[in-house]
Amino acid sequence: MKIAFFDAKDYDRDSFVRANKDEKYEISFYETRLTKDTCRLAEGSDAVCVFVNDDVNREVIDELVKMNIRLIALRCAGYNNVDIEYAYGKIHVVRVPAYSPYAVAEHAMALLLTSVRRIHKAYIRTKDFNFSLNGLTGFDLHGKTVGVVGTGKIGRIFIDICRGFGMNVIAYDKFPAKDSGIEYVTLDELWARSDIISFHCPLTDENRHMVNAETIAKMKKGVVLINTSRGALIDAEALLEGIKARQIGAACLDVYEEESNVFFHDYSGHIVDDDILARLISMPNVIVTSHQAFLTEEALSNIADTTLGNVEEFFRDEYSVNEVCYKCPQLKECKQDHNKKCF
């Protein structure tokens, strides 16, 4: 079984080599992202393994089908970078629905604490033996209201963490979790009441740019935004303007709308062409990490095991419990029991 593995990093290689210790699969690791210009590297493979910034559009899907590749194996939960509707009937898509929700939720809280207690600034100062506390005043999380958008596994774990800090939690989800004890509100109410807003939902056409100039105007002055989900949930230009207008007090970003050509690469010796990202990073109240929230030993191990398990299950049984198709997200609950192929 041959797998073409795109956008490979050292930590990817290490975890997948460990998971493939019996060498059941012949994995070709490519540092380049999967695009229409690189998809020919997959020729002769049975499956391709892709990540969040690989561009699996119509052209790429057509090329993969021409090469008789039968499976796209996402090593992540989100699949907004795959044209799911176009893939239907042509090539199957599987994903890793959960790998370590604790990793992402804990990173979101780490970003929040770092921001509101100015830990990143204090670290830089003390490295220079500057022990002044001027400008490092933060605020208590206890008693603050946090609005959580998306209450899947990650969102609910983040809620538990926030409750441990004594925070008041409100939430929005298109499909509220039953008997969860979570106070669900409308988005407009969440914008208006929250001191802190954290996003834990997948990206869809419906919620793209849910944070925009109009919704930012509805938020509390000085609100803190946390995004460890998908960058395009937030209109980056509107975010920048909201920060400049002092409407947004701080932004903690592990994802960015136009991250695909920037994140996961070292540009320290280059000039970054993305003016909006450069300006955001220059802001003293903005923290950016480069899609790092998932990156724990436990998560990497689970991703590798589940991805290879998806591949094995698909080629052995002709289906996978983790298959996705364009019909699934359009329904409140997928009507299929996933004991057969989606098509």
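Quick one: with all protein chains in place, what share of the accessible area of region 195-343 is carbon or sulfur, to the nearest percent (1.4 Å probe)? Intermediate results must be reported in sequence, preceding the final value.
Details: 3520 of 7330 Å².
The nonpolar share, carbon plus sulfur, comes to 48 percent.
Take A278 and E237, extend 7 Å from each Cα along the Cα→Cβ direction, and tell me the distance between the two endpoints in nm.
Modelled inter-label distance: 1.8 nm.
Can you work out the FRET efficiency for the pair I271 and D128, with r the C-beta to C-beta distance and R0 = 30 Å, to the nearest 0.05? Before the final figure, lay out each step's value.
Values: r = 26 Å, r/R0 = 0.87.
Taking R0 as 30 Å, the efficiency between I271 and D128 is 0.70.
Counting only DSSP beta bridges with both residues in the chain, tell me the antiparallel percent, nearest 5. Before the final figure, lay out each step's value.
Details: 2 of 40 bridges.
Percentage antiparallel, nearest 5: 5.
Taking a quarter of the surface of the Cα convex hull of region 10-104, what do you get in nm²?
Details: hull surface 25.9 nm².
With every direction weighted equally, the projected area is 6.5 nm².
Among S45, T296, G143, whose Cα lies farthest out toward the positive end of the dipole of the chain, if unit charges sit on the beta carbon of Lys, Arg (+1) and Asp, Glu (-1)?
Most positive-ward Cα: G143.
Between T204 and K340, what is 0.36 nm times their sequence separation minus the Cα-Cα distance? Round to one decimal in nm. Can you show the working numbers first?
Working: separation 136, 0.36 × 136 = 48.96 nm, distance 2.55 nm.
So the extension gain works out to 46.4 nm.
Can you tell me the orientation of helix 153-164 relative to the chain, as the angle in degrees between its alpha-carbon axis and the longest Cα principal axis, to the nearest 10?
That helix lies at roughly 30 degrees to the long axis.
Most fluctuating residue of R75, R125, R40 in a GNM of the chain with Cα springs under 10 Å: which is it?
R125
Which FRET efficiency, nearest 0.05, do R40 and F315 yield, Cβ-Cβ r, R0 22 Å?
On the way: r = 22 Å, r/R0 = 1.01.
Computed FRET efficiency for R40 and F315 comes out at 0.50.
Working from Cα positions, state the angle (0 to 90°, nearest 10) between the long axis of helix 10-19 and the longest principal axis of the chain.
50
So what does D140 come to for accessible area, using a 1.4 Å probe and Å² rounded to 10?
Probe radius 1.4 Å; accessible area of D140 about 100 Å².
Cut-off under 23 Å on the C-alpha distance; same-chain residues fewer than 8 positions from K153 excluded. Which lysines are left, in chain and number order?
Here the lysines satisfying the reach criterion relative to K153 are K144, K174, K178, K327, K332, K335.
Ranked highest first by the average count of other Cβ atoms within 10 Å around their residues, in what order do 93-101, 293-301 fall?
Details: 93-101: 20.9, 293-301: 17.9.
With the highest mean Cβ count within 10 Å placed first, the list reads 93-101, 293-301.
The values are calculated or read from the model by the stated rules, or taken from the named source; none is laboratory data. This structure is a prediction, so every number in the text was calculated from the model and none was measured. Note: ideal-geometry Cβ built from the backbone for every residue, glycine included; neighbour counts use all protein chains shown. Surface accessibility is based on the protein's heavy atoms, side chains included, excluding ligands, DNA and RNA. Shrake-Rupley method; radii C 1.70, N 1.55, O 1.52, S 1.80 Å.
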